[in-house]
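Down below is the structure, laid out as structure tokens.
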Amino acid sequence: MNTTALSTAPDTGEPPTILIVDDAPDYLMLLGDLIAPQYKVRIATSGPRALELATVPPRPALILLDADMPGMDGFATLEELKKRPATSDIPVIFVTGLHDDVDEQRGFVMGAVDYIAKPPRPAILLARIRTQLELKHSRDVLHQQNTQLAAEVEQRTRAEAEALRLNEILLARKSALEFAVKNLEAFSHTVSHDLRAPLRIINGYTKMLEESEAANLSPEGRALLERIMASAQKMDRLIVDILEYSRVERAQRKDSRVDMAALAGQIVQEQKASYPNAQFTIGELPQITADATMVKQIFTNLIGNACKFSAKRTDPKIEIGATPVDGSLEYYVRDNGVGFDSNYAGKLFGVFQRLHSYQEFPGTGIGLSVVKRLVEHHNGRVGAESVPGVQTTFHFTLAPHV
């Protein structure tokens, strides 16, 4: 054991303070001279004075106490020291002229750590002081470790309780989500069956009316009939798109290696039938690991939009490519169509959001919101920039499944 370290107070690095309590000046001087080379010394000539000094910094690390003193004797002083929380842990050694075994036993019972008869042998007294200081230091370290351990146990207990609470919240949310999904599926079935059925009837009867009674209708009547048919078809298209959006919300990724160039080429061929004047350019499109069905839907919506909004140009041009951006590969679809005001770019990807009238460009305003959700399913990002009438670019990134 390192005796040098133990001869100093562990909290300050200074020598420990020893409080000597004795009503005899000669013994105070004797004991003081004996221990002063190794320890700081404070003296008290009575029990009450000892109680005062025991709580005044620097607090004593140990007390040498005479049992036989007038007024408050050593036993009464020890009893009071042990009662008080601030002094109860200070080890007390009786150094006294009372040699009776009964007195010695009484001292130990009351809490003294040692009992030395006067006159003490210097080497024995110093050895016993050191022993008790070492024991006190060990107790203090153990108490500190126990306190720290108790704090860690309490912290871990709180953390486990918080984890349990959060787990319960997650389970509740999972149940709520599963319930919401079931309700959404039931709603989708209702929309698909119960709402579309009347529309089919409306469409059927208006076509029959157009075929059988068109000649008997006035121009105004035929115009009204055409508006009814167009509105019914628009409503049917809107229901189909809402169902598509709900399916996207519930969709689960099934990743595979996707040939982006082949996929874009396939979609371009499909679009050429509706937009024969469009000029398509497909740049280098690296392969990616993603859900092929979702990626096809993303490209179909973006390329279809580019075709639709550039169709009024005499030279509609659509460019499809990819470029590295911030460590990710960003795919883009660019056109030279009508474009949009960049101040309203944030509205593009919202459900039912349109920046052009239905009469100018038919559509329900759901396609880009579907694109956004599909990109989010891939932990990616989507955005758009436009210079109206010059160039419009939609771009997106797709991240690996996590």
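The values are calculated or read from the model by the stated rules, or taken from the named source; none is laboratory data. Here the structure is a predicted model, which means the values were calculated and not measured. Here Cβ is always computed from backbone atoms with ideal geometry, including for glycine, and neighbour counts include all displayed protein chains.
Screening Asp291 on (1) buried (at least 17 other Cβ atoms within 10 Å of the Cβ); (2) more than 36 Å from the chain's Cα centre (by Cα); (3) modelled with pLDDT of 85 or more; (4) more than 14 Å from Thr392 (Cα to Cα) shows it passes everything except condition (2).
Is there a residue in the stretch 231-241 that is closer than 18 Å to Leu374 by Cα, under 46 Å from the mean Cα position of the chain (by Cα), surrounded by 14 or more Cβ atoms within 10 Å (Cβ to Cβ) and modelled with pLDDT under 75?
Yes: one or more hits.
Looking across the stretch 78-97, the residues that are within 16 Å of Leu64 (Cβ to Cβ) and touching a Lys or Arg at 6+ places or on another chain (Cβ under 9 Å) come down to Thr87, Ile90, Pro91, Val92, Ile93, Val95, Thr96, Gly97.
Going residue by residue through the stretch 112-133, is there one that turns out to be over 42 Å from the mean Cα position of the chain (by Cα) and farther than 19 Å from Ile20 by Cα? Taking every residue of the stretch 112-133 in turn, none turns out to be over 42 Å from the mean Cα position of the chain (by Cα) and farther than 19 Å from Ile20 by Cα. Gln279 meets each of the listed conditions (1) within 24 Å of Ser369 (Cα to Cα); (2) in contact with a Pro (Cβ under 8 Å, 6 or more places away or on another chain) apart from (1).
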